[in-house]
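Peer 1: Starting off with a structure, shown below.
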Number of protein chains: 2
Amino acid sequence: MNEFDLIRRYFDRPAADPAVRLAVGDDAAILAPTPGHELLVSTDMLVCGRHFFADVDPRALGHKALAVNLSDIAAMGGTARWATLAAAWPELDADWLAAFAEGWFALADAHEVALIGGDTTRGPLTLSVSIFGEAPAGRALRRDGGRAGDDVWVSGELGMAAAAVRARLGQLTLPEAERALAQQRLDWPQPRLALGQALRGLASAALDVSDGLLADLGHLAARSGVAAWVRADWLPMPACLREQGAAGLACAAAGGDDYELCFAAPPSARAALADLGRALAVPLTRIGALTAGAGCRLLNPDGSDILLEQHGYDHFA
Amino acid sequence: MNEFDLIRRYFDRPAADPAVRLAVGDDAAILAPTPGHELLVSTDMLVCGRHFFADVDPRALGHKALAVNLSDIAAMGGTARWATLAAAWPELDADWLAAFAEGWFALADAHEVALIGGDTTRGPLTLSVSIFGEAPAGRALRRDGGRAGDDVWVSGELGMAAAAVRARLGQLTLPEAERALAQQRLDWPQPRLALGQALRGLASAALDVSDGLLADLGHLAARSGVAAWVRADWLPMPACLREQGAAGLACAAAGGDDYELCFAAPPSARAALADLGRALAVPLTRIGALTAGAGCRLLNPDGSDILLEQHGYDHFA
């Protein structure tokens, strides 16, 4: 099969969404946006050897390439609608593509996200996904709405994805069961779309934790024109990471690849957030606050600073 | 400067477009689509060593990365609105990035296309652009509207971009002046946006010539459920390629990278198309026709077939 046949076979599926007037196969897709809504657009590039290991399970990679983009729509409080996939592959391996497509479409179907276009070329394994979501006009969650006095919250648990990478690289040792769980978190992140949508009207600002909590919260604080602090002992992290001391804390506070939502909300929203976490069965943990000033601090219970070697992931460091 | 500083410096420009509610710097851009219009979405990936040479002028590359995407919106008869840029760079070279951004924004400003988001990572030089356009609902040009009896037209001239590549690879010899012109066509394609918009209501089907005329016209014919033929002696190609015989014809008929528009239109549109070409100062040449059947043929004046070694570019051939 040639390039076009393979694309047709694995990626050209009829879209059930009536707003997709024309999907894969023309110069551009034609979409009918929902009246009264704004369009949310994000794009992420994943490079082999940097964002994933060369021997990654292609099914997991198909899932993750879409999941990290869905996470951006979740962070905006949006509904995910459509996606494009551009890919450079070193070779066309039908089995690999079939598994990749299986991982992609299982997640896409769960969130009713149609694949509306893309591009395929030969090259070092690189994936570039653009995701399109919608939110009622003026109601999307942004990074710049945080105010001094707001609480800082995070969903789920932090650190296991980074721990899986470090375990693989021999920098960290995890018991077998925890290592499998960490690998699961790394390979199969679950975007928090229902949570993001429910946070509209509750959160003042939000983003997803992709580069590492302190780096990402630092972006939120900077865009909001405030400072932020988080308490190390309040961070939701599994016992196996707590037991690692500083190395475990570094995974949770600065490791990245978590795809949880970090958000600010006024203290008046605490009860509603507790209800929301129960309703969605998603742990929501208050981990700090926004204050006047600038910067992002990680604190001990006594208020003293914890200094990590790095706050987040710098691709060119 | 780190990754974030460089992105801010070269790529984070305030958008003049009031429909851009939020551009670079959040988890997603927020856009207000135009009521009564459909959204056009396309994406293209450019890989170093495949789509461009490693020593390419970064200003030309910035232009071309956007131009090939704008060409897809032109082929749909749309107005270009917004773009995202995801890039893997082997290193962060400020001078290189400045030149790349200069080439990008010169073209973007000319077509009022705002850069609304993107992603940056380290990796083998790879660019992935998504482009967003709009067209009045139901009026975008598609590939599947061609009918038997339609004329087939192409804009501009064909073959010089491919000739530049072949000259560079030592497969073709061009006089110095023609070689410079060919390099200009390869590096600085001009997307036919005004033409595409004017073709709404005139053309029955359209696409842009990116993979090679015969391959692309073959796609149009297949989507339209018809056959196509083009006359080799009718193809608009410069004298320096005509003089090359079969090698020159291969550039024009199957070389690719032209970014001209190929379209079908009923014979009743001939006078209007002649007027349009004059009004836009864009050569429009009738090169063949659609007929009942399937496939795409290249013909001699006597109606016999010309068989080329390849009809178009297959990335994995």
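Only the coordinates and a few stated rules stand behind these numbers; no lab work does. Everything quoted here is computed from the prediction, not taken from an experiment. Virtual Cβ from ideal backbone geometry, glycine too; neighbours counted across all protein chains shown.
Peer 1: Taking N as the number of residues in region B:204-317, what is its alpha-carbon radius of gyration divided by 2.2 N^0.38 Å?
Peer 2: Details: Rg = 13.9 Å, N = 114, 2.2 N^0.38 = 13.3 Å.
So region B:204-317 has a normalised radius of gyration of 1.04.
Peer 1: Further question on the same structure: Could you give me the ³J(HN,Hα) list for region A:163-169, computed from phi with Karplus coefficients 6.51, -1.76, 1.60 and θ = phi - 60°, whole Hz, x at Gly and Pro?
Peer 2: Calculated HN-Hα couplings, in order: 5, 5, 5, 5, 5, 4, 7 Hz.
Peer 1: When the C-alpha atoms of region A:83-160 are aligned to their principal axes, what extent does each axis show, in angstrom, from largest down?
Peer 2: The Cα atoms of region A:83-160 stretch 54, 34, 25 Å along their principal axes.
Peer 1: Measuring label to label, 7 Å along Cα→Cβ, what does B:Trp188 give against each other copy in nm, shortest first?
Peer 2: Once sorted, the set of distances for B:Trp188 reads 5.4 nm.
Peer 1: Rounded to the nearest 500, what is the 222 nm mean residue ellipticity of the protein assembly as shown from helices alone, with -39500 (n - 2.57) per DSSP H run of 4+ residues and division by all residues? Mind showing how you got there, number by number?
Peer 2: Numbers: 20 runs with 216 residues, N = 634.
Rounded to the nearest 500, the figure is -10500 deg cm²/dmol.
Peer 1: Hey, with R₀ at 45 Å, roughly what FRET efficiency would A:Glu243 and B:Asp55 work out to, going by the Cβ-Cβ distance, to 0.05?
Peer 2: My answer for the efficiency is 0.30.
Peer 1: Right, next: Extending each Cα 7 Å along its Cβ direction at A:Arg147 and A:Ala98, get the distance between those two points in nm, one decimal.
Peer 2: 5.7 nm
Peer 1: Would you calculate the separation in nanometres between label points at A:Ala16 and B:Gln184, each defined as 7 Å from the Cα along the Cα-to-beta-carbon direction?
Peer 2: The modelled label-to-label distance comes out at 5.4 nm.
Peer 1: I want the local charge near B:Asp26. Using Cβ-Cβ distances under 12 Å, sum +1 for each Lys or Arg and -1 for each Asp or Glu among the other residues.
Peer 2: -2
Peer 1: Distance between Cα centroids, region B:249-284 to region A:90-143: provide it in whole Å.
Peer 2: 34 Å
Peer 1: In nm, to one decimal, how far is the A:Thr291 label point from the A:Thr34 one, both placed 7 Å along Cα→Cβ?
Peer 2: 4.0 nm
Peer 1: While we're here: Which longest uninterrupted range of chain A lacks any GluC sites (Glu not before Pro) assigned by DSSP to a loop state (not H, G, I, E or B) and surrounded by at most 16 other Cβ atoms within 10 Å?
Peer 2: Between the exposed loop sites, the longest stretch runs A:113-242.
Peer 1: While we're on this one: How many angstrom separate the Cα center of region A:179-221 from the Cα center of region A:9-31?
Peer 2: Taking the Cα centre of each part, region A:179-221 and region A:9-31 sit 29 Å apart.
Peer 1: Within the set of other residues whose C-beta is less than 14 Å from the C-beta of B:Ala247, count the net charge using Lys and Arg as +1 and Asp and Glu as -1.
Peer 2: -1
Peer 1: How many percent of all Cα-Cα pairs in region A:3-136 sit more than 18 Å apart?
Peer 2: Result: 52 percent of Cα pairs exceed 18 Å.
Peer 1: Rg and Dmax in Å for the protein assembly as shown, alpha carbons only: what are they?
Peer 2: Here Rg and the maximum Cα pair distance are 25.9, 92 Å.
Peer 1: Tell me, what does the Kirkwood hydrodynamic radius of region B:183-264 come to in angstroms if you use every pair of distinct C-alpha atoms? Could you put the intermediate results ahead of the total?
Peer 2: Details: mean 1/r = 0.0733 Å⁻¹.
That comes to 13.6 Å for region B:183-264.
Peer 1: Further, regarding this structure: Can you work out ³J(HN,Hα) from phi for every residue in region B:207-223, in order, using Karplus 6.51 cos²θ - 1.76 cosθ + 1.60 and θ = phi - 60°, giving whole Hz and x for Gly and Pro?
Peer 2: 7, 9, 8, 10, 8, x, 3, 5, 5, 5, 4, x, 5, 4, 4, 5, 5
Peer 1: Of all the Cα-Cα pairs you can form in chain B, what percent are over 31 Å apart? Please list the in-between numbers first.
Peer 2: Numbers: 16107 of 50086 pairs.
Roughly 32 percent, rounded to a whole number.
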